[in-house]
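Q: Before I ask anything, here is the structure I am working with.
The values are calculated or read from the model by the stated rules, or taken from the named source; none is laboratory data. Since the structure is predicted, the reported quantities are computational estimates derived from the model, not experimental observations. We place every Cβ from the backbone using ideal geometry, glycine too, and count neighbours over all the protein chains shown. Note: areas computed on protein heavy atoms with side chains; ligands, DNA, RNA excluded. Shrake-Rupley method; radii C 1.70, N 1.55, O 1.52, S 1.80 Å.
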Amino acid sequence: MNYEELVAFAGRNPMLSAALVGLTAAIIVTEIRRLFRGYKSLKPAELVQLMNAGDAVVVDLSASSDFEKGHIAGSRNVQASQFGPEHKLVAAAKQRPVVLVCRAGTASEAAAKTLKKAGFEQVSVLDGGLPAWQQAELPLVKGRH
């Protein structure tokens, strides 16, 4: 296929061509944003490794009732509306890895942006939230620990 055939195809199929250009642009913008957002997304296995290293602060931003139904062992619960860089769980952890977890991933991403702006060096979120943790068949702890 050469250039002339591509131009002819685009001329015969303007909707398909526009959709291809739009999707390509969306993918590029999404990837560039991901590269420059300042925090990492961790897969469940990566979080396990980080926790086993013993230095990570894992903060669960779920509602208290959801936290009690099941959470990652060693994580601490803070309401997303009450969490910030000055919160006692993370205030002294600017150089330590801080991993934010929530049920869907939206609250943890917003909190991660706030921590990065406040100067935290190693901020991460659990990619996919707790559903990804459960899908990886990793254990949850019930109750208030």
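Q: Taking the criterion of being surrounded by fewer than 12 Cβ atoms within 10 Å (Cβ to Cβ), outside any loop (DSSP other than H, G, I, E, B) and free of Cβ contacts under 8 Å to residues at least 40 places away in the same chain, would at least one residue in the stretch 69-82 satisfy it?
A: yes
Q: Residue check: is G143 in contact (Cβ under 8 Å) with a residue 40 or more places away in the chain and more than 18 Å from the chain's Cα centre (by Cα)?
A: Working: in contact (Cβ under 8 Å) with a residue 40 or more places away in the chain: yes; more than 18 Å from the chain's Cα centre (by Cα): yes.
Yes.
Q: Which residues, counting only those in the stretch 1-57, are of a type in the set (A, V, I, L, M, F, W, C), within 17 Å of A112 (Cα to Cα) and open to solvent by 100 Å² or more (accessible area, probe 1.4 Å)?
A: Correct list: L35, F36.
Q: Which residue, of E46, E109, is assigned to a helix (DSSP H, G or I), within 15 Å of the chain's Cα centre (by Cα), within 18 Å of E137 (Cα to Cα) and of a type in the set (D, E, K, R)?
A: Numbers: E109 fails: within 18 Å of E137 (Cα to Cα).
Only one candidate passes the filter, namely E46.
Q: Taking the conditions exactly as written (within 14 Å of the chain's Cα centre (by Cα), of a type outside the set (A, V, I, L, M, F, W, C) and within 26 Å of F36 (Cβ to Cβ)), does Q95 satisfy them or not?
A: Working: within 14 Å of the chain's Cα centre (by Cα): no; of a type outside the set (A, V, I, L, M, F, W, C): yes; within 26 Å of F36 (Cβ to Cβ): yes.
The answer is no for Q95.
Q: Could you grab me the full set of residues in the stretch 51-68 that are touching a strand residue (DSSP E or B) at 6+ places or on another chain (Cβ under 6 Å) and either outside any loop (DSSP other than H, G, I, E, B) or without any contact (Cβ under 8 Å) to a residue 40 or more places away in the chain (or both)?
A: Result: V57, V58, V59, D60, F67.
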